[in-house]
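In what follows, a structure is listed as structure tokens, so that the remarks can point back to it.
The values are calculated or read from the model by the stated rules, or taken from the named source; none is laboratory data. Keep in mind the model is a prediction, meaning the values are calculated, not measured. So basically every Cβ, Gly included, is an ideal-geometry build from the backbone, and we count neighbours across all protein chains shown.
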Amino acid sequence: MTPDQVGGLFDAGESFIEGTIAAVLVVLWVVVVSLFIARPYMVANLNKFTLRLGADLWWIIYVAIRDLLLVNLFLGSFIFFYPDVVSGKDLPITGGLAAACAFAVMLIKLIKGDHEVNWFRAQVVLLGLGATLYILPYLLGVQVTTIGTDQSNQLASVLVSSQNVDVALGLCYLSAALVGIMALVAVVYNFRQASKGPSKEQTR
């Protein structure tokens, strides 16, 4: 194979992987939001178990799946923090902002946990916002590029990152800055918690 053919093969593989990630993220957003909304149902079913072990396993499995999928959702959204990918591929233009919403949910979990109802509601709102910012541009922008009508071309020119590069790059940098600030807050919080040492409840 010639060097040009090798380079073309790698470019095709990269495009396939990035396109697959973009499509899988739609499913992940729907599943994660559904799992968070299903929390009242999961709590209500705890009383149906006659053994404490069964209730504990039910809750642990639910929380583990929910939070692991949330982490995978954010990791998959890392493609929106690379300017060359955002400007060169057909991606939802607000995918980076959606990733920032997912990271904000993880930050709330770190600092406040899931015990307070108001903070859990804030997590659900952020996830709903993130899902909207990702799924709508994907369906109305990326997916309609194959239709080829004037209306679909107009939507794609606004909602697809590669066809609205200036706005896409601005949102890319903004999203990366928001995640960086939240990551700094998380690091500072962890250092402060480590310097305080274990609480009295933890030592009992």
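Just one of the listed residues (F36, F81, F103, F120) is among the hydrophobic types (A, V, I, L, M, F, W, C), touching a Ser or Thr at 6+ places or on another chain (Cβ under 8 Å) and surrounded by 15 or more Cβ atoms within 10 Å (Cβ to Cβ), and it is F81.
Restricting attention to the range 10-34, the residues that are free of Cβ contacts under 8 Å to residues at least 60 places away in the same chain and over 14 Å from the mean Cα position of the chain (by Cα) add up to 8.
How about the range 143-174: which of its residues are of a type in the set (A, V, I, L, M, F, W, C), in a helix (DSSP H, G or I) and at pLDDT 85 or above? Residues satisfying the conditions are V158, L159, V165, V167, A168, L169, L171, C172, L174.
I'd like to know if the range 184-199 contains one or more residues that are surrounded by 13 or more Cβ atoms within 10 Å (Cβ to Cβ) and at pLDDT below 85. No, the range 184-199 contains no residue that is surrounded by 13 or more Cβ atoms within 10 Å (Cβ to Cβ) and at pLDDT below 85. Under the condition of being within 14 Å of L35 (Cα to Cα) and of a type in the set (F, W, Y), which residue from the range 45-62 is surrounded by the most Cβ atoms within 10 Å (Cβ to Cβ)? Result: Y62.
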